[in-house]
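Peer 1: Below you will find the structure I want to go over with you.
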Amino acid sequence: AMNRLPDLYAQTKPFQNVVLAAPDVGVSEFKKLAPAIIAQSNRVTLYSGSGDVALVASKAVNQERRAGDSREPLIMEGVETIDVSAVDTSFMSHSYYGSNRAVLSDLFSLIKQDTAAANRKWLLSKNHLGMNYWAFDKEPPEIKKVRATSL
């Protein structure tokens, strides 16, 4: 649907943030759709992980790497790519965006505080083929405090 919006919203961007969490979309299709998504949002964030069983299965069925698979990070101008592999502990590693406290904290900072990935101190700056992306190193300090007090 967002690839149809540029004609309707040529002057303004209707979205502050668009978050793509573990998208099961082929990389080639993602690259076709991304410019329209970028055109409609002030910030586009792609969360991806390397252990996502659902995306591995989808890759086998569709014969193409999925945008949400970070084994080879998908990095594009206008998209902040975040690799969650270091903190993902769910059974199939596909629902981290709704069940992992570190990722939820990061989403809060992104959406509520409109903080760029470069300014979220718990994310490490990484480089792949000369392009930057970000990755979780470990849980943010505020999440560690919550865990320590709840034990």
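The values are calculated or read from the model by the stated rules, or taken from the named source; none is laboratory data. Everything numeric here is computed off the predicted structure, so don't read it as measured data. Quick reminder, even Gly has a Cβ in these numbers, built from the backbone with ideal geometry, and neighbours come from all protein chains shown.
Peer 1: Report, ordered by the first and then the second residue, all pairs with beta carbons closer than 6 Å, sequence separation of six or more or different chains, a first member in region 1-22 that is within 30 Å of residue 71 (Cα to Cα) and at pLDDT below 90, and a second member that is surrounded by 14 or more Cβ atoms within 10 Å (Cβ to Cβ) and among the β-branched types (Val, Ile, Thr).
Peer 2: So the pair list comes out as 2/37.
Peer 1: Out of region 102-144, which residues are among the small types (Gly, Ala, Ser), modelled with pLDDT of 90 or more and farther than 17 Å from residue 17 by Cα?
Peer 2: 125, 130, 135 - these are the residues of region 102-144 that are among the small types (Gly, Ala, Ser), modelled with pLDDT of 90 or more and farther than 17 Å from residue 17 by Cα.
Peer 1: Right, here's the next one. Restricting the search to region 36-56, which residues are of a type outside the set (A, V, I, L, M) and either free of Cβ contacts under 8 Å to residues at least 24 places away in the same chain or within 18 Å of residue 113 (Cα to Cα) (or both)?
Peer 2: Narrowing region 36-56 to residues of a type outside the set (A, V, I, L, M): 40-43, 45, 47-52.
If the condition is that a residue be of a type outside the set (A, V, I, L, M) and either free of Cβ contacts under 8 Å to residues at least 24 places away in the same chain or within 18 Å of residue 113 (Cα to Cα) (or both), then 41, 42, 43, 45, 47 are the ones that fit.
Peer 1: Return yes when residue 72 is surrounded by 20 or more Cβ atoms within 10 Å (Cβ to Cβ) and either modelled with pLDDT of 85 or more or in a helix (DSSP H, G or I) (or both) and no when it is not.
Peer 2: Here the answer is no, as residue 72 does not meet what is asked.
Peer 1: Exactly one condition in (1) surrounded by 15 or more Cβ atoms within 10 Å (Cβ to Cβ); (2) at pLDDT 85 or above is false for residue 78; which is it?
Peer 2: Checking residue 78 against (1) surrounded by 15 or more Cβ atoms within 10 Å (Cβ to Cβ); (2) at pLDDT 85 or above, the one that fails is (1).
Peer 1: Let me ask you something else. Only one residue in 55, 46 is under 12 Å from residue 20 (Cα atoms), in contact with a strand residue (DSSP E or B) (Cβ under 8 Å, 6 or more places away or on another chain) and at pLDDT 80 or above, so which one is that? Steps first, please.
Peer 2: Details: 55 fails: under 12 Å from residue 20 (Cα atoms).
Exactly one residue qualifies, and that residue is 46.
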